[in-house]
Amino acid sequence: MAKIIQNNDECIGCGSCAMLCPKFWEMDCEKGKAFLKGAQKNKATGEYELDLPAQTGTKNIDCNKDASDACPVGIIRIEK
Ligand code: SF4
């Protein structure tokens, strides 16, 4: 299982993640930030987290890796 994590507070709303991985990421234009679809806020860290089940295909993980690599402020990470 992998976990996708975003520090939403630091998002500058560039849109790269939503462009590269729209299945998982969407822009909230009013807030000027990207949101990880279906993610839950971790109350301890304030970050948003989404667990990907073990059967999740590498394609889905790869597109999140692309989003992480492209994020100009480095706030998307993937933990395994
Ligand atoms: S790539 Fe990073 S800074 Fe840009 S919208 Fe996505 S989370 Fe925000």
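The values are calculated or read from the model by the stated rules, or taken from the named source; none is laboratory data. Since this is a predicted model, take the numbers as computed values, not measurements. All Cβ positions, even for glycine, are placed from backbone atoms using ideal geometry, and neighbour counts span all protein chains on display.
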Looking at the range 44-80, which of its residues are under 16 Å from E10 (Cα atoms) and not aliphatic (A, V, I, L, M)?
-> T45, G46, E47, Y48, E49, S68, D69, C71, P72, G74, R77
Which residues, taken from the range 6-25, are surrounded by 18 or more Cβ atoms within 10 Å (Cβ to Cβ), touching an Asp or Glu at 6+ places or on another chain (Cβ under 9 Å) and in a loop (DSSP other than H, G, I, E, B)?
-> C21
Within the range 28-64, residues being within 11 Å of the chain's Cα centre (by Cα) and of a type in the set (A, V, I, L, M, F, W, C) number 7
Does K31 count as part of a loop (DSSP other than H, G, I, E, B) and either modelled with pLDDT of 95 or more or out of contact with any Pro (no Cβ under 8 Å at 6 or more places or on another chain) (or both)?
-> yes
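Report yes if some residue within the range 59-70 is touching a Lys or Arg at 6+ places or on another chain (Cβ under 8 Å), away from the ligand (no atom under 13 Å from the Cβ) and at pLDDT below 95; otherwise report no.
Of the range 59-70, the ones touching a Lys or Arg at 6+ places or on another chain (Cβ under 8 Å) are 60, 63, 68.
Next, from what is left, pick out any that are away from the ligand (no atom under 13 Å from the Cβ): 60.
The next check asks that each one be at pLDDT below 95; those that pass are 60.
Looking through the range 59-70, at least one residue is touching a Lys or Arg at 6+ places or on another chain (Cβ under 8 Å), away from the ligand (no atom under 13 Å from the Cβ) and at pLDDT below 95.
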Residue, nearest to the chain's Cα centre (by Cα), within the range 65-77, restricted to residues that are in contact (Cβ under 8 Å) with a residue 24 or more places away in the chain, outside any helix (DSSP H, G or I) and surrounded by fewer than 16 Cβ atoms within 10 Å (Cβ to Cβ) | R77
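Tell me, yes or no, whether the range 18-26 has at least one residue that is of a type in the set (D, E, K, R), in contact (Cβ under 8 Å) with a residue 24 or more places away in the chain and either touching a Phe, Trp or Tyr at 6+ places or on another chain (Cβ under 8 Å) or within 13 Å of the ligand (Cβ to nearest atom) (or both).
Step one: list which residues in the range 18-26 are of a type in the set (D, E, K, R), which gives 23, 26.
Going one step further and asking which of them are in contact (Cβ under 8 Å) with a residue 24 or more places away in the chain, we end up with 23.
Filter once more, so that each one left must be either touching a Phe, Trp or Tyr at 6+ places or on another chain (Cβ under 8 Å) or within 13 Å of the ligand (Cβ to nearest atom) (or both): none.
Within the range 18-26, none of the residues are of a type in the set (D, E, K, R), in contact (Cβ under 8 Å) with a residue 24 or more places away in the chain and either touching a Phe, Trp or Tyr at 6+ places or on another chain (Cβ under 8 Å) or within 13 Å of the ligand (Cβ to nearest atom) (or both).
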Exception for K3 within (1) exposed (fewer than 15 other Cβ atoms within 10 Å of the Cβ); (2) over 10 Å from the mean Cα position of the chain (by Cα) falls at (2)
